[in-house]
Structures are given as structure tokens and as C-alpha cells.
Amino acid sequence: MNTNRRTFLKAAMTGMAGGLTAPAIARAGQMKELRMVTSWPKHLPGPGISAERLAKDIETLSGSMLKVRVYAAGELVAPLAVFDAVQNGTAEMAHTASLFWGGKMPAAALFTAGPYGLTPLEHRTWLEQGGGQKLWDALYGQFGIKPLMCGNTGPSMGGWFRKPVRSLDDLKGLKMRMPGLGGEILRRLGGTPVSLPPGEILTALQSGAIDATEFLGPFSDMAMGFYKVAKVYHYPAFHEPNGAGELLVSRKVWDALSDDQRRAIEVACSAEAARTLAEHTWRNAEALKVLKEKRGVRVLPYPADVLAAARKAADEVLAELAAKDAMSEKIVKSWLAARNHLSPWEDVALRAFLDARVG
């Protein structure tokens with residue numbers, strides 16, 4: 001482990017674990033081996049590397065009493081089967097994103113991101129201060145799973161296109177990889193949303209099975225090679241202004257761990273969420289420059305009519321989501337309440353400052 005990580009983990013243990021020490025964890029219980037399946041290609045810059053890093057940090061913080069073996073997408077189970085794998089005991093953990101589980105739980109996507117919703121800091125604030133984590137625990141608890149935020153890739157980009165989107169009409173009939181609530185918005189704008197695991201996106205784009213795709217931000221997107229097929233990169237990501245990742249832990253396994261072992265996982269997840277957000281913010285800036293200056297990518301804003309129509313559709317989608325069942329209603333109301341509570345402060349503290357900074 002390098003010096004930077006050692007320093008980071010020491011700070012995490014001191015600042016977030018209230019003085020918890022690795023030797024204290026090591027004395028609690030017996031060594032346990034845990035399998036972590038993921039939705040990401042092996043060593044994918046961003047989420048793939050984050051999963052491997054998280055596994056090492058859990059081992060470190062538990063005093064080597066928890067050993068986590070990471071399986072990339074497809075190595076043990078299919079990338080979009082990781083939730084079921086944790087539920088049925090094929091694996092003890094999964095590193096993934098909640099937006100994949102809308103078919104099981106309509107409101108699950110909001111724990112990754114929601115359209116015209118919370119920024120990364122606002123999302124974490126909602127989870128930790130606004131009651132979001134309790135609702136998340138209740139939602140996933142129905143499936144015997146404990147969820148934790150374990151990463152954040154920051155705001156996404158709007159997507160990759162072969163031709164510029166110049167008006168709302170250009171979305172009609174467009175087949176675009178866009179899972180979650182964003183996909184439903186695209187459908188209402190006349191497009192056809194397609195849900196694909198990350199490892200299948202580039203092939204689908206190359207073959208023409210899809211016309212466009214969104215994924216994350218420039219850092220991970222450049223590593224995926226989308227720029228080789230599509231040269232237009234639109235922004236902003238009205239569908240995904242936040243990119244929270246999740247660690248799923250079997251509730252049976254979670255309950256069988258000692259308090260110290262559970263705290264080790266919590267601290268590792270919290271530290272990784274902060275680390276990945278900083279990493280992606282820096283690397284996205286670097287990658288955006290490379291894409292524009294060396295890869296011939298045109299970085300263009302979405303037209304005003306697209307953003308306006310998407311905003312209207314987002315309001316409709318959220319209202320319909322809240323009407324699906326009692327749990328969805330609770331989650332949507334809490335999420336909207338957090339957005340409404342935080343927006344006035346963000347306007348005076350951040351928006352006004354950024355406007356003033358550029359003059």
C-alpha cells in the first residue's frame with residue numbers, strides 16, 4: 001500500500017470511525033472470506049478500479065479479518081445479475097449502481113441519480129442528513145440486502161452521438177443506451193431507450209444496434225472508446241447529475257459481522273465515495289481536454305428545446321414514480337424535499353459564486 005493510501009486510511013479511521021483502530025477490529029470474530037461481484041469490466045478506469053480498491057481497504061481496515069475477492073462482470077455472474085447473486089447467496093457482496101434495479105424496485109434509481117436532481121454533495125447530504133439512507137435500507141431490506149454508497153463518479157455527460165442533436169426532432173426514433181429514469185424521459189421525447197451493461201455498449205454502438213449512448217463522464221467514457229465511433233459529445237446530463245455507486249451486502253452476512261467489522265466496511269465505503277468523486281472531478285477535466293484537442297470530439301450543449309422538454313418529462317416521470325407504491329412515494333417525496341431544501345442555499349453559496357468567478 002502506497003504512502004498516500006496509508007495516509008488516507010489513517011485519516012478515515014480517525015475522522016470517521018471515532019478512533020477505531022485496525023487491531024481492535026482484528027480482535028473481533030474470525031477471519032471471513034467474502035465474494036464481491038461487480039457490474040463492471042475488469043480494471044475499468046473508474047468503477048472497476050474503485051471496486052478493487054474498496055476490497056483492499058475493507059481488508060486493511062478490518063485488520064485482515066475480512067478478505068474480499070473481486071469478480072469482474074461475467075466472471076462469476078452476469079453484470080446485471082449481481083443483485084440477485086447477493087440475494088440468493090451466490091456472492092456476499094456486489095459493487096454496482098442502483099439505476100439497474102428499476103424492474104425490481106421502481107424508485108431504486110434515485111439512489112444513483114435522478115433527472116434534474118441532486119448534485120453529488122446534495123446526494124450524500126440527503127443520504128446522511130435527510131433520511132435517505134433509512135429509506136434505502138428499508139427498500140433493499142425487502143430483498144435481504146444492506147446498501148451503502150461506495151463511490152461517486154460525479155455528474156455525467158449527456159451522451160455520445162454520431163450527429164449533433166440540433167432540435168427535439170433529432171431524438172425521434174433514436175435508439176440510445178440510457179437505463180433508469182433517464183430512459184423513460186428519452187422515450188417521452190420520442191427516442192427508444194436501450195438498457196445495456198457497460199461491457200456491451202461499445203459493440204452495440206459499433207454494430208449500429210444503438211445510435212447513441214450515455215455512460216459516465218469523460219474519464220471513464222474515453223477509456224471505453226466511445227469516441228472512436230461517435231464524435232459528438234452532448235451536455236449536460238439532465239438525466240444523471242450525480243453518479244453514486246453502491247455496495248450491496250447480504251443482510252445475513254452483514255448481521256453476522258461484528259460491530260467493528262461493519263464499521264470497517266462503512267468507513268471504507270465512505271472514504272471511497274469521497275476519493276472517487278475527487279478522482280473523477282480531476283480526471284474528467286483532463287480527459288475532456290484530450291477528447292476535444294486530440295480525439296476530434298465536438299463537445300456541444302443540448303439545444304434549449306431538448307432541455308425544456310426533458311424537464312417537463314422529468315416532472316411527469318417523478319410524479320408517476322411516486323404513484324406506483326407506498327415505498328416509492330416515500331422515497332420520491334424525501335428526495336424532492338431534499339432538493340427543495342438545499343436549492344436556496346446552493347443558489348447563494350455556489351451558483352452565485354461560480355457566476356461571479358467567471359465574471
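Note that segment 180-315, at 25 °C in a medium of 0.890 mPa s, gets a Stokes-Einstein diffusion coefficient of 140 µm²/s from its Kirkwood radius over C-alpha pairs. In the frame of its principal axes, segment 23-145 has Cα extents of 43, 33, 31 Å, reported largest first.
Only one residue of Ala273, Leu247, Ala285 has its Cα farthest out toward the positive end of the dipole of segment 240-299, where Lys and Arg carry +1 and Asp and Glu -1 on Cβ, and that residue is Ala285. Show log10 I(q)/I(0) for the chain at q = 0.14 Å⁻¹, two decimals, from a solvent-free Debye sum over equal Cα scatterers. Values returned for q = 0.14 Å⁻¹ are -1.21. Between Arg69 and Glu33, residue separation times 0.36 nm minus the direct Cα-Cα distance comes to 12.2 nm.
Report, for the chain, the % of DSSP beta bridges that are antiparallel, rounded to 5. Write down the numbers at each step before the final one.
On the way: 16 of 34 bridges.
Percent antiparallel among DSSP bridges in the chain is about 45.
In segment 146-204, inverting the average of 1/r over every pair of distinct C-alpha atoms gives 13.1 Å as the Kirkwood radius. Between Ala278 and Glu293, the modelled labels are 2.5 nm apart [label points 7 Å from Cα along Cα→Cβ]. Between amide H atoms placed 1.01 Å from N, distances below 5 Å from Thr192 occur with Gly173, Leu174, Lys175, Met176, all of them 5 or more places distant or on a separate chain. Rounded, prolate or oblate for segment 238-324? Axes are the square roots of the Cα gyration tensor eigenvalues, ordered a ≥ b ≥ c, and the cut-off for rounded is a/c under 1.5. In terms of gyration-tensor shape, oblate. Calculated [222 nm] ellipticity per residue, helices only, for the chain: -15000 deg cm²/dmol; basis is -39500 (n - 2.57) per DSSP H run with n ≥ 4, divided by all residues, nearest 500.
Loop-located GluC sites (Glu not before Pro) in segment 57-159 (DSSP state not H, G, I, E or B) with no more than 13 neighbouring Cβ atoms inside 10 Å: Glu75. Of the GluC sites (Glu not before Pro) found in segment 157-219, none is in coil by DSSP with at most 15 other Cβ atoms within 10 Å of its Cβ. Sorting Lys175, Lys228 from the fewest to the most surrounding beta carbons within 10 angstrom yields Lys228, Lys175.
Net charge within 11 Å of Pro241 by Cβ-Cβ distance, Lys/Arg positive one each and Asp/Glu negative one each, not counting Pro241 itself?
Net charge around Pro241: -1.
Under the combined filter of DSSP loop state and at most 15 neighbouring Cβ atoms within 10 Å, segment 303-358 retains these trypsin sites (Lys or Arg not before Pro): Lys324.
Considering only Cα-Cα distances, which of the following residue pairs are longer than 18 Å: Lys56/Lys134; Lys172/Lys292; Lys228/Lys289; Lys134/Lys333; Lys231/Lys294; Lys175/Lys292?
Lys56/Lys134; Lys172/Lys292; Lys175/Lys292
Computed from point charges on the beta carbon alone (+1 for Lys and Arg, -1 for Asp and Glu), the dipole magnitude for the chain about its Cα centre is near 740 Debye. Each of Tyr302, Tyr235 was scored by other Cβ atoms within 10 Å of its Cβ. Arranged with the fewest first, they read Tyr235, Tyr302.
Scanning residues 5 or more positions from Gly159 or on other chains, those with amide H under 5 Å from its amide H are His234, with H placed 1.01 Å from N in the peptide plane. In the chain, a dipole from Cβ-located charges (positive for Lys and Arg, negative for Asp and Glu) runs towards its positive end, and of Thr213, Leu76, Gly296 it is Gly296 whose Cα lies farthest in that direction.
All of the numbers you see were taken from the coordinates with simple rules; none came from a lab. Values in this document were obtained by computation on a predicted structure and should not be read as measured data. Counting neighbours? That spans all protein chains shown, and the Cβs are built from the backbone with ideal geometry, glycine included.
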